[in-house]
Amino acid sequence: MDNYLEINQKLWDAKVDVHVASDFYQNESFLKGRNTLNEIELGLLGDVKGLSVLHLQCHFGQDTISLSRMGAKTLGVDLSPKAIEKAREFAKATNTDAQFLWSDVYKAPEHVDGKFDMVFTTYGTIGWLPDLDKWARVISCMLKPGGKLVFAEFHPVVWMFDTDFNYVQYNYFQDEAIVETAEGTYTDGGNHLIDKEVSWNHSLGEVFQALKHNNLQVTDFKEYDYSPYNCFKNMEEFEKGKFRLKKFDKKLPLVYSILAEKI
Ligand SMILES: C[S@@+](CC[C@H](N)C(=O)[O-])C[C@H]1O[C@@H](n2cnc3c(N)ncnc32)[C@H](O)[C@@H]1O
């Protein structure tokens, strides 16, 4: 899939305006000061005041700016120029000093000077990257010794299912790229969006091996039977900000989180 970056950039550019306007992202309350981070990652972050934080795959910057509001010095990186343009607009509107860079994750080290205290990347990120060893190498190279990776992601078990969660469509160990035409997006609105996308399913073993090979020592790992986002079909909110698939209730893991340290 030599042209996956071009395909996915177009896909994500097209989503930005829909996402910004969506109830899902509640951008108005965010602009007024709402912190968009969830309990899961907040529990791993600790006090970020004064820390330099690199946010990989920042989309249009809500979480990056939330980290800035918490006192971190942030740089958000994303493949979508449209998302970066919006993120810069929102940094200005919120009077924060969050910086943004348009780049493929793999190319970030070519454009960024210096090392960070923390790399932050969450929910819907590694599935757009073909090679996790390369991903972990970038993280390791961008962190100071003792620096931390804060990572939360949808569980690979989720990506085995068809979009209606009716049957197992993909292998847990899925090496090849999944090339599909996606209709709509995970937020409200956007029914008109029909775009090709290229993604990969990465098993938990692949994630752990990639971190280990790149001097990132896992210090915390958790799996969750809920998602902080209502982003799949037919979910119900069983507690404020916690969603499960109606059909499976607590039977499936939906999210996992990892805290790792650069050694
Ligand atoms: C699901 S979103 C990010 C999730 C974030 N939790 C959010 O909701 O704001 C995925 C982001 O990854 C970005 N992306 C996809 N492939 C990328 C790549 N190769 N390098 C950098 N960013 C990429 C997309 O442009 C998109 O903004």
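Glu236 - would you say it is open to solvent by 30 Å² or more (accessible area, probe 1.4 Å), touching a residue at least 12 places away in the same chain (Cβ under 8 Å) and not polar (S, T, N, Q)? Considered against the rule, which asks whether it is open to solvent by 30 Å² or more (accessible area, probe 1.4 Å), touching a residue at least 12 places away in the same chain (Cβ under 8 Å) and not polar (S, T, N, Q), Glu236 comes out as no. Put simply, of Lys242, Lys262 the only residue that is within 18 Å of the chain's Cα centre (by Cα), charged (D, E, K, R), away from the ligand (no atom under 16 Å from the Cβ) and open to solvent by less than 90 Å² (accessible area, probe 1.4 Å) is Lys242.
Considering only residues that are among the acidic types (Asp, Glu), over 24 Å from Tyr229 (Cα atoms) and not in a helix (DSSP H, G or I), which ones fall in the stretch 130-153? Correct list: Asp131 only. Residues in the stretch 181-202 that are part of a strand (DSSP E or B), more than 13 Å from the ligand (Cβ to nearest atom) and out of contact with any Asp or Glu (no Cβ under 6 Å at 6 or more places or on another chain): Thr181, Glu183, Lys196.
Do we find that Ser80 is over 17 Å from the mean Cα position of the chain (by Cα) and open to solvent by less than 30 Å² (accessible area, probe 1.4 Å) in this structure? Against the criterion (over 17 Å from the mean Cα position of the chain (by Cα) and open to solvent by less than 30 Å² (accessible area, probe 1.4 Å)), Ser80 does not qualify. Filtered by the rule that a residue be touching a Phe, Trp or Tyr at 6+ places or on another chain (Cβ under 8 Å), under 17 Å from Asn230 (Cβ atoms) and open to solvent by less than 30 Å² (accessible area, probe 1.4 Å), the stretch 154-197 gives Phe154, His155, Val158, Phe165, Thr187. Within the stretch 127-138, the set of residues being buried (at least 22 other Cβ atoms within 10 Å of the Cβ) and under 14 Å from the mean Cα position of the chain (by Cα) comprises Trp135 only. Residue count for the stretch 1-34, restricted to those that are surrounded by 17 or more Cβ atoms within 10 Å (Cβ to Cβ), under 19 Å from Tyr229 (Cβ atoms) and either near the ligand (Cβ under 10 Å from one of its atoms) or among the basic types (Lys, Arg) (or both): 7.
Of Leu54, Leu75, all but one fail to be open to solvent by 10 Å² or more (accessible area, probe 1.4 Å) and touching a residue at least 12 places away in the same chain (Cβ under 8 Å); the exception is Leu75.
The values are calculated or read from the model by the stated rules, or taken from the named source; none is laboratory data. Computed from a prediction, not measured in an experiment: that's the story for all the values here. Neighbour counts are summed over all protein chains in view; Cβ atoms, including those assigned to glycine, are modelled from backbone coordinates with ideal geometry. For the accessible areas, the whole protein counts, side chains as well, though only heavy atoms, and no ligand, DNA or RNA atoms are used. Shrake-Rupley method; radii C 1.70, N 1.55, O 1.52, S 1.80 Å.
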